[in-house]
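Undergrad: The following block contains the structure, expressed as structure tokens.
Only the coordinates and a few stated rules stand behind these numbers; no lab work does. No experiment lies behind these values; they were computed from the predicted model shown. Note that we place each Cβ from the backbone using ideal geometry, even for glycine, and neighbour counts take in every protein chain shown.
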Amino acid sequence: MRMALQVAAFEFLRVFKIKDAVITLVLFVCGALFYAWISGEEKRVKAPISVLGDAIQLENADHLPFNFLPAGAQSEDKLREMAASGDGPPVLVVHSIEDVEFFVKDERPSWYPQLLGVIRDAQRVAAMRGSGLSEDALSQVFADRQVELEVHEPRNEAEDQKRESIAFLCVMAMMLGVFMGNVHLFTGITGEKQNRVTESVMSAIPAQTWIDGKLIGLSLVAIYGLLVIAVCWFVGNEVYGIFREKFVLPLEIVDPVQFVVVLALTSLGFVLWFAFFGAIAATIDDPNTSSRSMFMFLPMMTMIVAIPGLNEPDDAMFVFWSIFPATSSTCMPVRLVVADPAWWELALAIGLLLPAIWVLRRFAGKVFATAMLTHGTELGWLEIWRVFRRA
Amino acid sequence: MSPVLDVRDVHKSYATTRAVDNLSFAVEPGEIFALLGPNGAGKSTMVRALLGIVQFDGGSIDWTVDGRSGPPARSSIGYLPEERGLYKDVPVLRTLIYFGILRGMTRADARLEAERWLEKLELQDRAKDKIDTLSKGNQQKIQFAAAVLHRPSFAVLDEPFSGFDPVNQEKFLGHIRAMRDEGATVLLSAHQMQLVERVADRMLLIDRGREVLSGTINEVRDRAGAGRQLVLETEGTADEAALAACPGVKRVKLAEPGRAVLELEDEPALNATLEAVGRTVRIRGVHDERPTLHDIYVDAVRRREENA
């Protein structure tokens with residue numbers, strides 16, 4: 001085990017380069033700035049509107065993206081001039097109930113339809129008042145009537161949406177981690193074969209120790225990669241938030257225990273996939289011509305089965321995927337976040353995943369011992385199957 | 001004292017070739033033992049099978065390393081494979097430390113030894129450079145150091161001189177001798193016979209997986225019947241039959257016009273030989289020569305093929 005950890009440290013440090021992490025962070029920040037620049041979506045600060053005239057009653061409301069401000073003593077010409085030059089806010093000139101004019105610089109704002117609705121409501125109220133209706137009658141007209149809403153098994157849709165977002169992030173994190181690790185795994189192992197490092201290493205340590213070290217090291221690489229991306233995303237989002245409305249992650253719904261379980265499942269998933277891909281990569285002689293590189297995309301299948309589970313986490317098929325070893329590390333986190341799986345389901349998923357990892361790890365070790373010293377030809381599928389049965 | 005390695009009747013075949021054909025030999029403690037032969041003679045197969053990288057089809061191997069019988073600990077073995085390479089993106093010092101650790105050293109010991117080797121190889125100022133910035137020759141040096149950094153009791157060096165210029169070949173002859181002088185046993189596999197004959201204590205010459213000759217360099221010469229030679233520079237072409245009839249002459253080779261090589265009997269009466277030769281041909285120059293290992297090997301293989 002000590003030697004496997006030495007290999008793991010070596011593999012990890014080959015990839016761990018703080019300079020590259022800093023460059024990634026800078027690129028994320030630049031990306032955030034660029035996106036803020038090209039994004040048409042303005043930050044949700046209420047836009048002020050100067051209102052000149054009182055023929056209609058315009059009231060501010062929390063849900064509206066604008067605020068009405070009385071124009072004060074300034075003349076209409078002056079207000080228009082300031083709005084035109086950008087020194088003042090848009091101007092709403094209320095000449096009469098029927099004659100309202102909105103003056104704005106450059107283009108119609110995105111909230112104009114809402115403004116129009118508010119103006120029309122105010123025009124109707126003013127018109128009714130003008131028609132001689134009593135205050136009581138007016139109160140009757142505008143009174144809110146009660147509507148009862150009865151929902152069978154009420155859901156908190158906002159909460160559900162937040163949980164789906166977090167579950168989706170778990171799936172994406174799994175995919176990102178697997179792909180990042182796989183890239184290093186494939187290039188690393190095929191590179192070792194091509195550089196002829198294999199015989200030196202395998203005369204020093206058993207093939208099983210070597211692959212074990214790689215699996216640990218590359219799982220750390222995947223977690224490290226995710227961490228770098230998370231930090232970059234967080235910083236980039238904060239930078240974006242200076243200029244635009246930033247994206248808010250609903251982290252308040254994350255339960256720490258759940259987080260640890262999801263992290264553990266995800267890490268086990270990394271080891272499972274890396275063991276499988278380590279064995280496949282070892283059989284590749286020349287990555288430029290081998291068709292086996294396409295196996296790298298196999299984990300996409302787990303994403304395909306995981307996405308429907310965001311909405312139907314307790315569907316029988318999805319329950320199966322959340323327990324089946326090849327997909328449990330992707331699907332069980334989804335169920336943990338958006339549903340409430342029984343404890344035995346989680347225990348069964350982990351109970352099947354661990355032996356699967358053990359078998360794949362042994363398989364990878366056996367394939368490694370044979371395939372890493374085979375040059376000029378790829379280990380055939382029949383031979384790989386024989387090795388798998390021996391594992 | 002029992003041999004470090006005792007190999008008996010081992011054989012190994014691939015699909016179309018018999019790479020090792022019933023070979024037997026023993027490597028004694030503290031000696032440099034050379035496996036010699038041209039490319040494809042079966043040397044690398046032999047070495048890889050000894051280290052368990054491939055399996056022999058039959059025969060037996062007995063190890064007694066550091067006084068312990070049985071398969072040796074990986075930390076006791078140093079191995080420089082013929083097919084070798086390094087992590088190109090990793091700095092030199094870190095590479096050496098890593099290989100030291102893989103062979104069971106502590107990080108501190110590995111660092112110390114790596115720095116000592118870098119100094120010995122005059123590469124101490126390249127310690128932090130990545131391997132792929134080094135020349136091919138310097139990469140070869142690092143590979144050598146990585147194989148023996150942990151001071152193995154038994155070092156297996158497969159083609160250690162390939163890729164080196166003559167100056168560095170000389171230096172590495174020195175490094176190999178120094179390893180032996182420090183108590184290591186070295187099994188050398190190479191095809192550069194002129195280098196190996198200067199460093200090996202004993203050797204096994206093989207061809208197509210079979211033994212051609214074995215023993216110390218003198219034993220090999222004796223077994224090959226390769227005694228002293230007189231090289232004559234003559235005026236015109238000598239009469240081969242007349243020269244062969246001279247006393248003390250075993251065989252005559254007329255390599256080129258104006259040059260004759262006389263292979264002498266074990267203890268020739270040189271005066272009589274030279275007088276007789278002088279009567280046969282006009283001599284312009286003469287010097288004696290011992291046949292090189294290369295000559296012995298080529299001659300032995302040729303004779304074996306003729307007999308077959």
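Undergrad: So for chain B: antiparallel DSSP bridges make up what percent, rounded to the nearest 5?
TA: 65 percent
Undergrad: For chain A, modelled as a GNM with alpha-carbon contacts under 10 angstrom, which of A:108, A:196, A:14 fluctuates the most?
TA: Taking springs between Cα atoms under 10 Å, the residue moving most is A:108.
Undergrad: Follow-up. Please enumerate, by chain and number, the aspartates and glutamates with C-alpha under 19 Å from the C-alpha of residue A:17, excluding those fewer than 8 residues away in the same chain.
TA: Here the aspartates and glutamates satisfying the reach criterion relative to residue A:17 are B:89, B:129, B:132.
Undergrad: For chain A, what is the mean residue ellipticity at 222 nm derived from helices alone (per DSSP H run of n ≥ 4: -39500 (n - 2.57); sum divided by total residues; nearest 500 deg cm²/dmol)? Intermediate results must be reported in sequence, preceding the final value.
TA: Numbers: 14 runs with 249 residues, N = 391.
That comes out to -21500 deg cm²/dmol.
Undergrad: Follow-up. Among A:181, A:317, A:93, whose Cα sits farthest toward the positive end of the charge dipole of chain A (+1 at Cβ of Lys/Arg, -1 at Cβ of Asp/Glu, about the Cα centre)?
TA: In chain A, that residue is A:181.
Undergrad: Here is a follow-up. Please compare each pair in B:43/B:136; A:366/B:12; B:12/B:88 to a cut-off of 27 Å on the Cα-Cα distance and tell me which ones are over it. Kindly include the intermediate steps, with their values, before the conclusion.
TA: On the way: B:43/B:136 24 Å; A:366/B:12 22 Å; B:12/B:88 34 Å.
Beyond 27 Å between Cα atoms: B:12/B:88.
Undergrad: Among A:213, A:116, A:48, which residue has its Cα positioned farthest towards the positive end of the charge dipole of the protein assembly as shown, with +1 placed on the Cβ of Lys and Arg, -1 on the Cβ of Asp and Glu, and the dipole taken about the Cα centre?
TA: Result: A:213, furthest along the dipole toward the positive end.
Undergrad: What do you get for the angle between helix B:136-148 and the principal long axis of chain B? Use alpha-carbon atoms, 0 to 90 degrees, nearest ten.
TA: The angle comes out near 70 degrees.
Undergrad: Go ahead and set up a Gaussian network model of chain A, Cα springs under 10 Å, then flag whichever of A:118, A:338, A:29 fluctuates most.
TA: The residue with the greatest mean-square fluctuation here is A:118.
Undergrad: Another question about this same structure. Among A:24, B:133, B:234, rank each residue by its count of other Cβ atoms within 10 Å, from fewest to most, as a rough exposure measure.
TA: On the way: A:24 15, B:133 12, B:234 20.
Neighbour counts put them in this order, fewest first: B:133, A:24, B:234.
Undergrad: For A:1, B:179, A:172, which order do you get if you count the other beta carbons within 10 Å of each Cβ and list the fewest first? Don't jump to the answer; show the numbers that get you there.
TA: Details: A:1 9, B:179 19, A:172 14.
With the sparsest Cβ surroundings first, the list reads A:1, A:172, B:179.
Undergrad: Now for a separate question. List the residues whose amide H sits under 5 Å from the amide H of residue B:212, counting only those 5 or more places along or on another chain, with H placed 1.01 Å from N in the peptide plane.
TA: Counting only residues 5 or more places away or on other chains, the set is B:205, B:206, B:207.
Undergrad: For the stretch A:50-66, just list the computed ³J(HN,Hα) in residue order, Karplus coefficients 6.51, -1.76 and 1.60, θ = phi - 60°, integers in Hz, with x standing in for Gly and Pro.
TA: With coefficients 6.51, -1.76 and 1.60, one gets 7, 10, 10, x, 10, 5, 10, 9, 9, 10, 6, 9, 4, 7, 8, x, 9 Hz.
Undergrad: Hey, for a label at residue A:67 modelled as a point 7 Å past Cα toward Cβ, could you say which residues of the stretch A:79-122 have their backbone N under 15 Å away?
TA: Hits in the stretch A:79-122 for residue A:67 at 15 Å: A:89-90.
Undergrad: Taking K and R as +1 and D and E as -1, what net charge do the other residues with C-beta under 13 Å from the C-beta of residue A:312 add up to? Please report the intermediate quantities before stating the final value.
TA: Working: positive: A:335; negative: A:160, A:164, A:314, A:315.
Residues near residue A:312 contribute -3 overall.
Undergrad: Using r as the Cβ-Cβ distance of residue A:245 and residue B:75, and R0 as 45 Å, what FRET efficiency do you calculate, to the nearest 0.05?
TA: Values: r = 62 Å, r/R0 = 1.37.
E between residue A:245 and residue B:75, to the nearest 0.05, is 0.15.
Undergrad: Roughly how tilted is helix B:166-181, in degrees to the nearest 10 and between 0 and 90, from the longest Cα axis of chain B?
TA: 70 degrees
Undergrad: Now for a separate question. Counting other Cβ atoms within 10 Å, which trypsin sites (Lys or Arg not before Pro) in the stretch B:54-152 have at most 10 and lie in a DSSP loop? Kindly include the intermediate steps, with their values, before the conclusion.
TA: On the way: sites: B:68, B:74, B:84, B:88, B:94, B:103, B:107, B:111, B:116, B:120, B:126, B:128, B:130, B:136, B:141; in loops: B:84, B:88, B:103, B:128.
Filter output for the stretch B:54-152: B:128.
Undergrad: Scan around residue A:66 for amide H atoms under 5 Å from its own, H built in the peptide plane at 1.01 Å from N, and keep only partners 5 or more places away or cross-chain.
TA: Under 5 Å from the amide H of residue A:66: A:47.
Undergrad: Peptide B:77-89: average number of partner chain Cβ atoms within 10 Å per residue? If you can, show how the numbers build up before the last one.
TA: Working: counts 2, 2, 5, 3, 8, 2, 7, 6, 10, 4, 8, 4, 5.
Mean shielding count: 5.
Undergrad: Could you work out how far apart the two model spin labels at residue A:348 and residue A:315 are, taking each label as a point 7 Å from the Cα in the direction of the beta carbon, and quote it in nm?
TA: Taking the simple label geometry, residue A:348 and residue A:315 are separated by 1.9 nm.
Undergrad: What FRET efficiency do you get for residue B:304 and residue A:303 if R0 is 56 Å and r is their Cβ-Cβ distance, rounded to the nearest 0.05?
TA: Once rounded, the FRET efficiency stands at 0.25.
Undergrad: Which whole-Hz couplings ³J(HN,Hα) result when phi for each residue of the stretch A:16-27 is put into the Karplus expression 6.51 cos²θ - 1.76 cosθ + 1.60, θ = phi - 60°, listed in order with x for Gly and Pro?
TA: Karplus values, whole Hz, x for Gly and Pro: 5, 9, 4, 4, 5, 5, 5, 4, 4, 4, 4, 5.
Undergrad: Next question. Tell me the mean residue ellipticity at 222 nm calculated for chain B from its helices only (DSSP H runs of n ≥ 4, each -39500 (n - 2.57), averaged over every residue, nearest 500).
TA: Details: 10 runs with 108 residues, N = 308.
Result for chain B: -10500 deg cm²/dmol, rounded to the nearest 500.
Undergrad: Run through all the Cα pairs of the stretch A:88-211 and give the fraction in each 10 Å bin from 0, expressed as whole percent.
TA: Per 10 Å bin, starting at 0, the Cα pair percentages come out as 9, 16, 13, 14, 13, 9, 9, 8, 6, 2, 0.
Undergrad: Place a point 7 Å from Cα of residue B:284 in the direction of its Cβ. Which residues in the stretch B:257-277 have their backbone N less than 13 Å from it?
TA: B:257-260
Undergrad: In degrees between 0 and 90, to the nearest 10, how far off the longest principal axis of chain A does helix A:343-371 point, with axes built from Cα atoms?
TA: Here the helix axis deviates by roughly 50 degrees.
Undergrad: Using alpha-carbon positions, what is the distance between the centroids of the stretch A:244-276 and the stretch B:35-76, in Å?
TA: Taking the Cα centre of the stretch B:35-76 as reference, the centre of the stretch A:244-276 is 50 Å away.
Undergrad: Dipole size in debye (nearest 20) for the protein assembly as shown around its Cα centre, Lys and Arg Cβ +1, Asp and Glu Cβ -1?
TA: Working: 73 positive and 90 negative charges, 498 e Å.
Value, rounded to 20: 2400 debye.
Undergrad: How many nm separate the modelled label positions at residue B:244 and residue B:132, each set 7 Å beyond the Cα in the direction of the Cβ?
TA: My value for the distance between the label points is 6.2 nm.
Undergrad: Kindly work out what percent of the DSSP beta bridges joining two residues of the stretch A:47-142 are antiparallel, to the nearest 5. Provide the component values of the computation, followed by the final result.
TA: Values: 4 of 12 bridges.
Antiparallel bridges: around 35 percent, rounded to the nearest 5.
Undergrad: List A:30, A:170, B:246 from most exposed to least, where exposure is judged by having the fewest other Cβ atoms within 10 Å. Don't skip to the answer; put the middle values down first.
TA: Working: A:30 12, A:170 24, B:246 20.
Ranking A:30, A:170, B:246 by Cβ neighbours within 10 Å, fewest first, gives A:30, B:246, A:170.
Undergrad: Of B:22, B:168, B:271, which is the most mobile in a GNM of chain B whose springs link Cα atoms less than 10 angstrom apart?
TA: Maximum fluctuation in the GNM of chain B, among the listed residues, is at B:271.
Undergrad: Once phi is turned into ³J(HN,Hα) by the Karplus curve 6.51 cos²θ - 1.76 cosθ + 1.60 with θ = phi - 60°, what whole-Hz value does each residue of the stretch A:274-283 show in order, with x for glycine and proline?
TA: Values, residue by residue: 5, 5, 5, 6, x, 5, 5, 4, 5, 7 Hz.
Undergrad: Expressed as a rounded percentage, what relative contact order does chain A have, with Cα pairs under 8 Å and six or more residues apart? Each step should come with its number before you reach the end.
TA: Working: 472 pairs, mean separation 82.5, N = 391.
For chain A, the relative contact order is 21 percent.
Undergrad: Still on this structure: Tell me which of A:230, A:331, B:20 sits at the most positive position along the dipole axis of the protein assembly as shown, charges placed on C-beta atoms (Lys, Arg +1; Asp, Glu -1).
TA: Of the options given, the answer is B:20.
Undergrad: Hey, can you grab everything whose amide H is under 5 Å from the amide H of residue B:18? Only 5+ residues off in sequence or another chain; H modelled, so Pro and N-termini drop out.
TA: Long-range HN contacts for residue B:18: none found.
Undergrad: Something else about it: Take the Cα pairs of the stretch B:1-50, get the Kirkwood Rh, then feed it into Stokes-Einstein at 25 °C and 0.890 mPa s and tell me D in µm²/s.
TA: D = 207 µm²/s.
Undergrad: Straight distance only, please: which aspartates and glutamates reach the Cα of residue A:214 with their own Cα at less than 13 Å, same-chain residues fewer than 8 apart left out?
TA: Hits, sequence-local ones excluded: A:11, A:192.
Undergrad: Place a point 7 Å from the Cα of residue B:251 along the Cα-to-Cβ direction; which residues of the stretch B:192-214 have their backbone N under 16 Å from it?
TA: Correct set: B:213.
Undergrad: What translational D, rounded to a whole number of µm²/s, comes out for the protein assembly as shown from Stokes-Einstein when the hydrodynamic radius is the Kirkwood one over Cα pairs, at 4 °C and 1.567 mPa s?
TA: Details: Rh = 33.0 Å.
Using the Kirkwood radius from Cα pairs, D works out to 39 µm²/s.
Undergrad: Between residue B:235 and residue B:292, what FRET efficiency comes out of the Förster formula 1/(1 + (r/R0)^6) with R0 = 35 Å and r the beta carbon distance, rounded to 0.05?
TA: Details: r = 27 Å, r/R0 = 0.78.
Taking R0 as 35 Å, the efficiency between residue B:292 and residue B:235 is 0.80.
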